[in-house]
1. What 222 nm value per residue comes from the helices of the chain, counting each DSSP H run with n ≥ 4 as -39,500 (n - 2.57) and dividing by all residues, nearest 500 deg cm²/dmol?
2. Can you pull the one-decimal nm distance between simple spin-label points at residue 16 and residue 94, each 7 Å off the Cα toward Cβ?
3. Please work out the average accessible area per residue across segment 1-89, using the 1.4 Å probe convention, and give it in Å².
4. When DSSP beta bridges are limited to those with both residues in the chain, what percentage is antiparallel, rounded to the nearest 5?
5. Specify the residue with the greatest mean-square fluctuation among 37, 66, 95, computed from a Gaussian network of the chain linking alpha-carbon atoms under 10 Å apart.
6. Mind giving me the FRET efficiency for residue 85 and residue 62? R0 is 25 Å, r the Cβ-Cβ distance, nearest 0.05 is fine.
7. Which of 111, 18, 59 moves the most in a Gaussian network model of the chain with Cα springs under 10 Å?
8. Kindly state, to the nearest 0.05, the FRET efficiency for residue 112 paired with residue 1, given R0 = 25 Å and r defined as their beta-carbon distance.
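The values are calculated or read from the model by the stated rules, or taken from the named source; none is laboratory data. Since we're looking at a predicted model, the values are computed, not measured. Backbone-built Cβ (ideal geometry, glycine too); neighbour counts: all protein chains shown. For the accessible areas, the whole protein counts, side chains as well, though only heavy atoms, and no ligand, DNA or RNA atoms are used. Shrake-Rupley method; radii C 1.70, N 1.55, O 1.52, S 1.80 Å.
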Amino acid sequence: HLYRACVHGRLAARLAGVRAVVATEHSLGDSQMEGRRLTAGVRALYLASERLGSATVAVSPAVADRLKHWGVPAPRIEVIPNGIDLDRFRFDRQRRERTREHLGLPEGAYVVGGIGRLAPGKRFDVLV
C-alpha cells in the first residue's frame, strides 16, 4: 500500500516465494508522491519493483492514467474506486440548516472542515 511499501513489499514477497502480489496506489502526483519530490530515480525504482508484483490497484482512473504514463502496462492495473458513497455527502440545504442549528452556528457564519488524519501530508496547515 503506497510507494515505499510497494517497492519493499514486492521485493520481500518475491524473495519469500509469494506468487501473487497486489499493490495499491493512490498518492501519485505530477511532481510529488506521498508528499515527497518525484524524481526520475524514484520513478525508475518503482517501475523496477512493479515487475515483481502481479497487479496494482489504482483508487481512481486518474491514478491509473498516471501509472500508465509512467510505463506500467495497462493490463497490470485494476481500478477500484474508494468506497465512499459521495451521494451521502452531497449538499443538502435542510441538513445544513439542521446541523447549524444543532451546533449553534449562525446562518451566515463561515464554516471550514477537513477530513483526514492529522499528518503533515494532509496539509491541514494550509487549510487553517
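1. Value at 222 nm, helices only, nearest 500: -11500 deg cm²/dmol.
2. So the label points at residue 16 and residue 94 sit 5.2 nm apart.
3. That works out to 63 Å² per residue.
4. 30 percent
5. 95
6. Taking R0 as 25 Å, the efficiency between residue 85 and residue 62 is 0.80.
7. Between 111, 18, 59, it is 111 that shows the largest mean-square fluctuation.
8. That gives a FRET efficiency of 0.30.
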